[in-house]
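Here the structure comes first, spelled out in structure tokens, and everything after it is commentary.
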Amino acid sequence: MSLSTRTLLIAVAVTATLAACQRRDEKPAAPPAAPDKAPAAAAASTTPTAYDSKNQYATVKLALPAGVTDKPELQGPLYADAVRELNQFTEGAQADLSEAGAGPNPYEKSITYSQGGESGKLFSLARTNFEYTGGAHPNQTYAAVIWDKGLKKRIGFNDLFRPGADLSVLDKALCDAANAAKQARSPGYERVGVGGKGMWSCPKASATPFVLTSGSTPGKVGGITFLFDSYQIGPHSDGDYWLAVPQAAFRSLLAPAYADEFAGAPVKAGDVTPKN
């Protein structure tokens, strides 16, 4: 074997040895990073939907519908405010009845929220306040909540309707519904008007609590239901009135931000007072 051939073979052997050493020293590539986990779902609300307390002076209760549980910004304040109000009622009952010698009949108060109509942007609740502190009969009054789901805040009448809108059209539609409902319950009843003189008159829409009314178009509001307690438009014997006014009667008065939430017709217009 010639010297040049031997030199070449030695060089090849050295190169192969070095390559093998390099392969042994190389660390295996790290496995690709695992993809980020999907964000956890929003935690369910821990606020209760009911409250019940009873002692020798008062029985108090609160009920919220299931529809508020995915709206913690609404559910939390509603629950806290109602419980505080009920506890204050109990304290007042204790003071009254202790002073009067704690008679056999404790006071009663309940706050019940029931779900009204809902659209893509809006959600509504009717609040029924029942209170008995002795006397010939208990008292029942109403309030309402209109909730903007996107803004996560309550809105009022002046948010829903255009500033400066002529609301006499809506006032008349509500008064017509009130007169029709009263005539059906008390035939021969004398019609009244908005701001009319005498014992009874039709209140203005802007001063009356209301909820949204489900309608014939899915995802839209078909009208507004106004909530009247007894004594507002008639004697206590007539009872309460829930009066649904179709959105067609006031659509032109709505604020642009909410006009598209209304369409179709209510499932039922006029007197829609709950039977219970």
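The values are calculated or read from the model by the stated rules, or taken from the named source; none is laboratory data. The model shown is predicted, which means the values in this text are computed figures rather than measured ones. Cβ: placed from backbone, ideal geometry, glycine included. Neighbour counts: every protein chain shown. These accessible areas exclude ligands, DNA and RNA; they are computed on the full protein's heavy atoms, side chains included. Shrake-Rupley method; radii C 1.70, N 1.55, O 1.52, S 1.80 Å.
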(request) Give the calculated FRET efficiency between D166 and A143 to the nearest 0.05, with a Förster radius of 30 Å applied to their Cβ-Cβ distance. (result) 0.70
(request) Could you pull out the trypsin sites (Lys or Arg not before Pro) across the stretch 188-224 that fall in loop regions by DSSP (anything but H, G, I, E, B) with no more than 11 other Cβ atoms inside 10 Å? (result) K197
(message) Can you give me the distance in nm between label points at Q183 and N87, each placed 7 Å from the Cα along the Cα-to-Cβ direction?
(response) 5.1 nm
(request) Once you have the Cα-Cα distance between A207 and S252, take 0.36 nm times their residue separation minus that, and quote the gain in nm to one decimal. (result) 14.2 nm
(message) Run the numbers for A265 and A95: contour at 0.36 nm per residue of separation, minus the present Cα-Cα distance, in nm.
(response) 56.2 nm
(request) Express the carbon and sulfur contribution to the solvent-accessible surface of the stretch 163-216 as a percent, rounded to the nearest whole number, probe 1.4 angstrom. (result) 57 percent
(request) Report the label-to-label distance for D52 and K153 in nanometres (one decimal), using points 7 Å from each Cα along the Cα→Cβ vector. (result) 3.7 nm
(request) Between beta-carbons, use under 11 Å as the cut-off and find the net charge around D260, counting Lys and Arg +1, Asp and Glu -1. (result) +2
(request) Please compute the net charge surrounding F130, taking Lys and Arg as +1 and Asp and Glu as -1 over other residues with Cβ under 12 Å from its Cβ. (result) -1
(message) Going 7 Å from the Cα of K71 along its beta-carbon direction, which residues of the stretch 116-153 have the amide nitrogen within less than 15 Å of the resulting point?
(response) 116-128, 143-153
(message) As I understand it, the dipole of the stretch 121-276 uses +1 on the Cβ of Lys and Arg and -1 on the Cβ of Asp and Glu, about the Cα centre. Which of A249, G193, I233 lies farthest toward its positive end?
(response) A249
(message) Which of the three applies to the stretch 125-183, rounded, prolate or oblate, going by the alpha-carbon gyration tensor with a ≥ b ≥ c and a/c under 1.5 meaning rounded?
(response) oblate
(message) Just to confirm the filter: which trypsin sites (Lys or Arg not before Pro) across the stretch 97-167 are DSSP coil and have at most 14 other Cβ within 10 angstrom of their Cβ?
(response) K152
